[in-house]
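*Asks:* Structure in structure tokens, see below.
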Amino acid sequence: MARFTLPRDLYWGRGTLAELKNLKGKKAIVVSGGSSMKKGGFLDKVDEYLKSAGFEVAHFDGVTADPTVDCVMAGAKAMQEFNPDWIIAIGGGSPIDAAKAMWVFYEYPDAKFEDIAKPFNIPPLRNKAHFCAIASTSGTATEVTAFSVITDSKIGMKYPLADTNITPDIGILDPDLVDSMPKSLAAFTGMDALTHATEAFVSTANCDFTNPLALKAIKMVYKYLLNSYTTADKKAREKMHYAQCLAGMAFSNALLGIVHSLAHKTGAFFHKDGKEFHVPHGEANAIYLPYVIKFNQKAAERRYAKIAKRLGLKGSSDAELTDAYIASIQDLNKKLSIPSSLKEYGIDEKEFKDNVSLLAERAIGDACTGSNPRQPSQKEMEQLLDAIYYGKPVNF
């Protein structure tokens, strides 16, 4: 038996933030990130809509990129003190992911992070609160997924929490929230969406329900991402917002692969001038994706060729079509000003070489590796990291 899980309700279209007025409950806590939602007036609207529905409203704001275990625990404590029956998470992947983890510890204060970090080991939720996610970026699709990525800042490692219990009850996709998204963020989140859809399509857990979603998302990204990036065209921004959600529906049910395993284990690991030097998640995915496709080609060539055919790329064989897809991603990265290697990105060579074995080991142990179409050995993962760092061909 297989399972396909999505939020109970998904509201999409301009102005759908107003659906908050129709929620039923007494207390709502709003979890948010930086100042963009406040500056845009969206937090004020959230307050207005919730209060018009009769809610008492509290806020937990300031969730930063790559939310940490400490942040999660602080938010859970605020929830325990306020006792909400709705958790409203608004922002990009970070505040929504953080709020999902806070939700677990709000309902289970004695839970241990190392336990819930094990795939599909989160206990049943909705004993105290329901969850509404409002996306303000177009990439993570966490508003419809069973995933949350939390960072252990002590060791610089990201843990993907995975369980259908943390799939939101309601997702809101209001394109008004992404019209002013910075150019670089549009690029990184767009490539995150492309990676989600690509990995979902070749995953060992792909199925008849996830495949159409993944292919549609890929085609939409290729059609709209560059306009979203270069001109911030409103139609392109709206279509990218929907494309990333379709990709999220696909990967939440088909799972992911080693592009994400590598991004999780390297994104918060490196340092520069004695400080943490983070690689934004979507940008890391964009850099790694062409290398991983080449690595996976032996195991999933026919699947990649289907993607290339859907995009109208040229090739007389599955191998040529796969290579054409890789080349198209490399070209897209170039147009989005995304580096082609970790060395070009600025990662210190000595720090990389000193830790490549550890990073490979951690990536192999990541929850996303199990559904990758080709299972890497320790040696192969080290070789793959070496290729990604120096920009070498993948021929092993």
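*Asks:* In segment 247-262, is there at least one residue being of a type in the set (A, V, I, L, M, F, W, C) and closer than 18 Å to Ile155 by Cβ?
*Replies:* As a first pass, look at segment 247-262 and keep what is of a type in the set (A, V, I, L, M, F, W, C): 247, 249-251, 254-256, 258-259, 262.
Still in the running and closer than 18 Å to Ile155 by Cβ: 262.
Yes, segment 247-262 has at least one match.
*Asks:* Looking at Ala247, Ala268, which one is under 28 Å from Gly346 (Cα atoms) and small (Gly, Ala, Ser)?
*Replies:* Working: Ala247 fails: under 28 Å from Gly346 (Cα atoms).
So the residue among Ala247, Ala268 that is under 28 Å from Gly346 (Cα atoms) and small (Gly, Ala, Ser) is Ala268.
*Asks:* Report those strands (runs of 3 or more DSSP E) wholly inside segment 142-194 carrying at least 1 residues which are β-branched (Val, Ile, Thr) and in contact with a helix residue (DSSP H, G or I) (Cβ under 8 Å, 6 or more places away or on another chain).
*Replies:* Details: elements: 147-152, 157-162, 170-173.
So the answer is 147-152, 170-173.
*Asks:* A follow-up question, please. Quick check: is even one residue across segment 279-295 within 19 Å of the chain's Cα centre (by Cα), over 20 Å from Ser340 (Cα atoms) and part of a helix (DSSP H, G or I)?
*Replies:* no
*Asks:* Sticking with this structure for a sec: State all residues of segment 30-49 that are of a type in the set (Lys, Arg) and out of contact with any helix residue (DSSP H, G or I) (no Cβ under 9 Å at 6 or more places or on another chain); if no residue qualifies, say none. Outline the logic, then answer.
*Replies:* We begin by selecting, within segment 30-49, every residue of a type in the set (Lys, Arg); these are 38-39, 45.
Residue satisfying the conditions is Lys39 alone.
*Asks:* What's the number of the condition Asp366 fails, among (1) in contact (Cβ under 8 Å) with a residue 12 or more places away in the chain; (2) in a helix (DSSP H, G or I); (3) of a type in the set (Asp, Glu)?
*Replies:* (2)
*Asks:* Can you tell me which residues in segment 329-348 are more than 21 Å from Leu256 (Cα to Cα), surrounded by fewer than 19 Cβ atoms within 10 Å (Cβ to Cβ) and touching a residue at least 24 places away in the same chain (Cβ under 8 Å)?
*Replies:* If the condition is that a residue be more than 21 Å from Leu256 (Cα to Cα), surrounded by fewer than 19 Cβ atoms within 10 Å (Cβ to Cβ) and touching a residue at least 24 places away in the same chain (Cβ under 8 Å), then Lys335, Ser337, Pro339, Ser340, Ser341, Lys343, Glu344, Tyr345, Gly346, Asp348 are the ones that fit.
*Asks:* Same structure, new question: Go through Gly75, Gly139, Gly92 for me and flag whichever is out of contact with any helix residue (DSSP H, G or I) (no Cβ under 7 Å at 6 or more places or on another chain) and small (Gly, Ala, Ser). Let's see the steps before the verdict.
*Replies:* Details: Gly75 fails: out of contact with any helix residue (DSSP H, G or I) (no Cβ under 7 Å at 6 or more places or on another chain); Gly139 fails: out of contact with any helix residue (DSSP H, G or I) (no Cβ under 7 Å at 6 or more places or on another chain).
One residue alone meets the criteria, Gly92.
Read-outs throughout are calculated quantities, based only on the coordinates presented, and are distinct from any laboratory measurement. Owing to the predicted nature of the structure, the values given are computational and were not obtained by experimental measurement. Here the Cβ is made from the backbone with ideal geometry for all residues, glycine too, and neighbour counts use every protein chain on show.
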